[in-house]
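The values are calculated or read from the model by the stated rules, or taken from the named source; none is laboratory data. The structure presented is a predicted model; accordingly, all values stated were derived computationally and were not measured. Cβ: placed from backbone, ideal geometry, glycine included. Neighbour counts: every protein chain shown. With ligands, DNA and RNA removed, areas are computed over all heavy atoms of the protein, side chains included. Shrake-Rupley method; radii C 1.70, N 1.55, O 1.52, S 1.80 Å.
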Amino acid sequence: MNVPLLSVVIPMYNEQEVLPLLIARLRPLLDGAGIAYEVVAVDDGSTDATGAALIQAARQWPGLRVVRLRRNSGHQAALTAGLHRSRGHYVASIDADLQDPPEKILEMLDLARAEDLDIVYGVRDDRTTDSFFKRHTAQLYYRMMRRLVGKKIPHNAGDFRLLSRIAVDALKAMPEHQPVYRLLVPWLGFPSGEVTYRRDARAAGSTKYPLSKMIKLAVDSVTNFSAAPLRLATWSGLLTFLACLVLGVYSIVQHSRGDTVSGWTSLFTAILFVGGLQLLCLGLLGEYLGRLYAEVKGRPTYIVGYDSAMHVPAQEPVDEADGDRLSGLAAR
Ligand code: UDP
Ligand code: MG
């Protein structure tokens with residue numbers, strides 16, 4: 001099969017409302033660009049009509065390829081599935097909800113080809129359409145990431161970007177199980193450029209990123225890239241030790257004066273404080289240990305049930321129960 005110039009990876013979870021709008025905007029755009037392309041729609045175990053609608057759409061649109069994950073595995077895992085299966089010389093990733101304008105993909109492609117870039121970030125210069133809460137939590141997130149990972153992280157660059165085949169292969173070669181691409185991609189340090197755009201409101205449907213998923217992404221981001229939280233134990237231990245020295249001297253002085261009965265409040269507070277601190281540090285250790293454990297077990301983050309490019313009927317998925325990651329390894 002001919003290798004397309006461009007693959008467009010779109011993770012989708014329960015996006016039945018937005019799907020017709022997405023197709024109506026994307027298809028004329030890509031058809032009109034006069035390039036060989038494939039759209040890799042990754043159905044992240046949707047429970048609504050997204051899966052059926054995609055298969056229906058693929059019958060009329062040869063450029064549309066449908067990859068269905070067996071269960072909801074999360075945005076980053078769906079993105080991984082799409083990146084690993086895409087075949088294009090360049091691979092763009094975009095959300096299904098039309099918050100990021102698909103027209104910019106072609107601009108990214110032109111920029112990457114003209115300047116021989118491996119990464120083109122979509123950078124949001126205007127987020128006024130996002131909710132107050134989303135804007136501020138996002139700002140906090142990017143500020144924290146820049147502190148932890150370094151200044152290389154472009155501000156307000158989410159998962160709308162274009163990667164060259166070299167960059168995709170570099171990402172594929174990484175053994176991480178819970179990749180956070182918006183940090184991993186800048187970490188690569190490959191030649192990169194930016195395309196700025198205005199972030200629109202979601203075209204239809206509701207957000208698939210509730211607070212719980214946002215927190216998971218933030219915790220994954222920190223633990224994936226930094227051991228700094230672990231150092232909290234060391235520093236707070238040091239501080240408590242210094243405080244202990246001072247208090248030790250104080251108690252000896254008080255003892256020599258024969259004044260040792262009162263002090264229940266300070267004792268009680270100190271016990272609570274140190275106990276809380278220890279639990280916090282244990283919890284942090286647990287976060288890292290849990291992730292280490294997950295990496296060691298090496299379970300696949302997603303399992304592909306169906307890929308329309310493999311000519312497998314939708315109702316009878318091939319035996320890929322051991323996961324795409326494993327079959328990918330076997331093929332190497
Ligand atoms: N998404 C997914 N799996 C999930 C959650 C979300 O594939 O478990 C997809 C979703 O369909 C969308 C993209 O990730 O294409 C971003 O989600 P959303 O637009 O709801 O996030 P927000 O823009 O509100 O942060
Ligand atoms: Mg969105």
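Entry remark, segment 166-195: residues being surrounded by fewer than 15 Cβ atoms within 10 Å (Cβ to Cβ) and of a type in the set (Gly, Ala, Ser) number 2 in total. The set of residues in segment 183-218 being in contact (Cβ under 8 Å) with a residue 12 or more places away in the chain, small (Gly, Ala, Ser), within 16 Å of ligand 1 (Cβ to nearest atom) and under 23 Å from Pro101 (Cα atoms) consists of Ala201, Ala203, Ala204, Gly205.
Could you check, for segment 155-163, whether at least one of its residues is of a type outside the set (Gly, Ala, Ser), assigned to a loop (DSSP other than H, G, I, E, B), free of Cβ contacts under 8 Å to residues at least 60 places away in the same chain and open to solvent by 70 Å² or more (accessible area, probe 1.4 Å)? Show your work before the answer.
Kept after step one, since they are of a type outside the set (Gly, Ala, Ser), are these residues of segment 155-163: 155-156, 159-163.
Those left that are additionally assigned to a loop (DSSP other than H, G, I, E, B): 155-156.
Those left that are additionally free of Cβ contacts under 8 Å to residues at least 60 places away in the same chain: 155-156.
Filter once more, keeping what is open to solvent by 70 Å² or more (accessible area, probe 1.4 Å): 155.
Scanning segment 155-163, I find at least one residue that is of a type outside the set (Gly, Ala, Ser), assigned to a loop (DSSP other than H, G, I, E, B), free of Cβ contacts under 8 Å to residues at least 60 places away in the same chain and open to solvent by 70 Å² or more (accessible area, probe 1.4 Å), so the answer is yes.
Considering (1) within 16 Å of ligand 2 (Cβ to nearest atom); (2) within 24 Å of the chain's Cα centre (by Cα), the lone condition that Leu21 does not fulfil carries the number (2). The set of residues from segment 269-279 being open to solvent by less than 100 Å² (accessible area, probe 1.4 Å) and within 17 Å of Ser251 (Cβ to Cβ) comprises Thr269, Ala270, Val274. Scan segment 230-270 for residues that are on the phi > 0 side of the Ramachandran plot and hydrophobic (A, V, I, L, M, F, W, C) and the total you get is 0. Of all residues in segment 196-216, exactly one satisfies the criterion of being away from ligand 2 (no atom under 12 Å from the Cβ) and surrounded by 17 or more Cβ atoms within 10 Å (Cβ to Cβ), namely Tyr197. When Asn2 is tested against (1) out of contact with any helix residue (DSSP H, G or I) (no Cβ under 6 Å at 6 or more places or on another chain); (2) within 16 Å of ligand 2 (Cβ to nearest atom); (3) open to solvent by 30 Å² or more (accessible area, probe 1.4 Å); (4) polar (S, T, N, Q), just one condition goes unmet, and that condition is (2).
Here is a yes/no grid of residues against (1) touching a residue at least 24 places away in the same chain (Cβ under 8 Å); (2) touching a Gly at 6+ places or on another chain (Cβ under 9 Å):
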site	(1), (2)
Asp44	yes, yes
Leu54	yes, no
Gln60	no, no
Val67	yes, yes
Asn72	yes, yes
Ala78	yes, yes
Asp100	yes, yes
Leu117	yes, yes
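In segment 125-148, the residues that are farther than 19 Å from Phe160 by Cα form Cβ pairs under 6 Å with partners that are surrounded by 15 or more Cβ atoms within 10 Å (Cβ to Cβ), at six or more places apart or across chains, as follows: Leu148/Phe225; Leu148/Ser226. Applying the criterion of being small (Gly, Ala, Ser) and within 15 Å of ligand 2 (Cβ to nearest atom) to the residues of segment 128-163, the residue that is farthest from Leu6 (Cα to Cα) is Ser131.
If only residues of segment 115-133 that are in contact with a Ser or Thr (Cβ under 8 Å, 6 or more places away or on another chain) and part of a loop (DSSP other than H, G, I, E, B) are counted, the one that is farthest from Asp169 (Cα to Cα) is Leu117.
Matching residues to (1) touching a helix residue (DSSP H, G or I) at 6+ places or on another chain (Cβ under 8 Å); (2) modelled with pLDDT of 95 or more:
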residue	(1), (2)
Ala36	no, yes
Val42	yes, yes
Arg59	no, no
Val67	yes, yes
Tyr90	yes, yes
Ile94	yes, yes
Leu98	yes, no
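In the set Pro179, Pro186, Pro175, only one residue is in a loop (DSSP other than H, G, I, E, B), of a type outside the set (A, V, I, L, M), at pLDDT 85 or above and more than 16 Å from ligand 2 (Cβ to nearest atom); that residue is Pro179.
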